[in-house]
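Some notes on the structure that comes next.
Readers should treat all values here as calculations from the given coordinates under stated rules, not as data from a laboratory. Source: prediction; values computed, not measured. With ideal geometry, Cβ positions are generated from the backbone for all residues, glycine too; neighbour counts draw on all protein chains shown.
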Amino acid sequence: MNAPAAGDEHTVPIVSNDDVVRARQTVRTYAQQCRLSLVDQTKLVTAASELARNTLVYGGGGLMRCTVVHRDGRTGVRAVFEDTGPGIPDLDLALTDGWTSGGGLGLGLSGARRLVDDFDLASEAGSGTKVSVTKWAR
């Protein structure tokens, strides 16, 4: 992948475990190119990995779009995960630490939210889920 520039968007379909790895690698490349600190790179990649896995496991697959963004003189990386799965019927419950709809630890969504600077979740039962996360260079 070439070095990303502002507005460049890279889309990764997420339909297999290999795609989860590709999504994580794409986010890492963008984070490195935007000169996020190693700690911030790790936080963003960890959040992206959780969200990509959720897209596959709970959403039945979908896609991730990654892009460089600018705001108030800062540069960051935004990753958006979308699926057309069953959706999340109770967003507040889903964002509660320790809650899980499966056999996991219940740290996926709430943990991802804590790891990034901007977090936006939109979902309705029966109509899929869209999660957008952004990490800003310091």
> What's the local net charge at Ser127, with K and R +1, D and E -1, over the other residues with C-beta under 13 Å away?
Replying inline: -2
> Taking K and R as +1 and D and E as -1, what net charge do the other residues with C-beta under 14 Å from the C-beta of Ile14 add up to?
Replying inline: 0
> Can you run phi through the Karplus equation (6.51, -1.76, 1.60; θ = phi - 60°) for segment 88-93 and list ³J(HN,Hα) in whole Hz, with x for Gly and Pro?
Replying inline: 10, x, 9, 5, 4, 5
>> Starting from the 7 Å offset along Cα-to-Cβ, what nm value, one decimal, do you get for the label separation of Thr46 and Asn17?
In response: 2.2
>> Quick query: amide H of Asp8 versus all other amide H atoms, modeled in the peptide plane; which residues come in under 5 Å with a sequence gap of 5 or more or a different chain?
In response: Val68
> All other residues with a Cβ under 9 Å from the Cβ of Ala48 taken together, and with Lys, Arg as +1 and Asp, Glu as -1, what is their net charge?
Replying inline: +1
> In deg cm²/dmol and to the nearest 500, what is the mean residue ellipticity at 222 nm of the chain if only DSSP H runs of at least 4 residues count, each as -39500 (n - 2.57), divided by the residue total?
Replying inline: -11000 deg cm²/dmol
>> What is the angle, in °, between the Cα long axis of helix 38-57 and the longest principal axis of the Cα atoms in the chain? Nearest 10 is fine, range 0 to 90.
In response: 40
>> Please report the equivalent ellipsoid semi-axes of the chain, computed as sqrt(5 x eigenvalue) of the Cα gyration tensor, largest first, in whole Å.
In response: 24, 16, 13
> From the backbone phi of segment 126-138, what are the Karplus-calculated ³J(HN,Hα) couplings (6.51 cos²θ - 1.76 cosθ + 1.60, θ = phi - 60°) in whole Hz, Gly and Pro given as x?
Replying inline: x, 10, x, 9, 10, 10, 10, 10, 9, 10, 9, 5, 8
> Taking Cα atoms, how many degrees apart are the long axis of helix 17-33 and the longest axis of the chain, rounded to 10 and kept between 0 and 90?
Replying inline: 30
